[in-house]
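After the structure tokens below, expect a handful of questions from me.
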Amino acid sequence: WNNGVKKGYLTPSDFVRVTSTQAAQIFNMYPRKGAIREGSDADLVIWNGDATRVISAKTHHHAVDFNIFEGMEVNGVPELTISAGQVKWRDGELQCEQGSGNYISRKPFGYAYQKVGLLDDHRNPLKRKVDRDNTPEPIEEKYKKEKARADVLAAQVTRLEKLLGEKN
């Protein structure tokens, strides 16, 4: 939010797309996650884009004791998170029991891997179209054309020298 929406690079809708929809696609959980529609889990976050907070390893909920953004003040704070119809986060406090989540099985090689395949195909010279319409002409033909142009220029120079000689 801080470096996207606040700086004018993203709209609020873009922020939701990047952090929810595309994240779910990358982790091959879409449309179960990352969408608000029938059949989806519909986990919701109420976001306050004007609130600020300081990032710290002491306040985050990760299994590491450091944060590379330690001490950075940012705009954008989740105020409320609802998952499976239950409030899980409210005003900076986690409100669920350890182990209350569910494992989501997912297929390997989803959305992100489709893009890798497209890039591989694009980089493969054997799969590129060869443009035969702009094939360079053989060197002999090119030489003949250049020789003809040089002969025309030589004739023009000779004619000009002749004209200049007659005037002197």
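Restricting the search to segment 57-85, which residues are within 28 Å of the chain's Cα centre (by Cα) and hydroxyl-bearing (Ser, Thr, Tyr)?
Answer for segment 57-85, where residues must be within 28 Å of the chain's Cα centre (by Cα) and hydroxyl-bearing (Ser, Thr, Tyr): just 81.
Scan segment 96-110 residue by residue and report those that are open to solvent by less than 70 Å² (accessible area, probe 1.4 Å) and of a type in the set (Ser, Thr, Tyr). Explain how you work it out, then say what you get.
Keep residues of segment 96-110 that are open to solvent by less than 70 Å² (accessible area, probe 1.4 Å), which gives 96, 100-101, 104, 110.
100, the sole residue that qualifies.
OK, next. Name the pairs: first residue in segment 86-108 and in contact (Cβ under 8 Å) with a residue 24 or more places away in the chain, second residue in a loop (DSSP other than H, G, I, E, B) and surrounded by fewer than 10 Cβ atoms within 10 Å (Cβ to Cβ), Cβ to Cβ under 9 Å, at least 6 apart or on different chains?
So the pair list comes out as 94/61.
Considering only residues that are within 51 Å of the chain's Cα centre (by Cα) and open to solvent by less than 100 Å² (accessible area, probe 1.4 Å), which ones fall in segment 131-166?
Of everything in segment 131-166, those that are within 51 Å of the chain's Cα centre (by Cα) and open to solvent by less than 100 Å² (accessible area, probe 1.4 Å) turn out to be 131, 135, 137, 138, 141, 146.
Between a first residue in segment 134-163 that is modelled with pLDDT under 90 and a second residue that is not in a helix (DSSP H, G or I), which pairs have beta carbons less than 9 Å apart while being 6 or more apart in sequence or on different chains?
Pairs that qualify, where the first residue is modelled with pLDDT under 90 and the partner is not in a helix (DSSP H, G or I), are 142/136; 145/137.
With (1) within 29 Å of the chain's Cα centre (by Cα); (2) at positive phi as the list, and residue 92 as the residue in question, which single condition is left unmet?
That leaves (1) as the condition not met.
Can you tell me which of (1) more than 25 Å from residue 2 (Cα to Cα); (2) of a type outside the set (A, V, I, L, M); (3) out of contact with any helix residue (DSSP H, G or I) (no Cβ under 6 Å at 6 or more places or on another chain) is the one residue 127 doesn't meet?
(3)
Name the single residue, out of those in segment 112-130 being modelled with pLDDT of 75 or more and open to solvent by less than 80 Å² (accessible area, probe 1.4 Å), that is farthest from the chain's Cα centre (by Cα).
So, considering only residues that are modelled with pLDDT of 75 or more and open to solvent by less than 80 Å² (accessible area, probe 1.4 Å), the one farthest from the chain's Cα centre (by Cα) is 124.
Show me the strands (runs of 3 or more DSSP E) entirely contained within segment 1-95 in which 1 or more residues are exposed (fewer than 15 other Cβ atoms within 10 Å of the Cβ), in contact with a Cys (Cβ under 9 Å, 6 or more places away or on another chain) and not aliphatic (A, V, I, L, M).
Details: elements: 44-54, 73-83, 86-90.
Those strands (runs of 3 or more DSSP E) span 86-90.
The values are calculated or read from the model by the stated rules, or taken from the named source; none is laboratory data. Only a predicted model underlies this, so the values are computations on that prediction, with no experimental measurement involved. For neighbour counting, all protein chains shown are included, and Cβ atoms are generated from backbone atoms with ideal geometry for every residue, glycine included. Remember, those area values only see protein heavy atoms, side chains included, never the ligands or the DNA or RNA. Shrake-Rupley method; radii C 1.70, N 1.55, O 1.52, S 1.80 Å.
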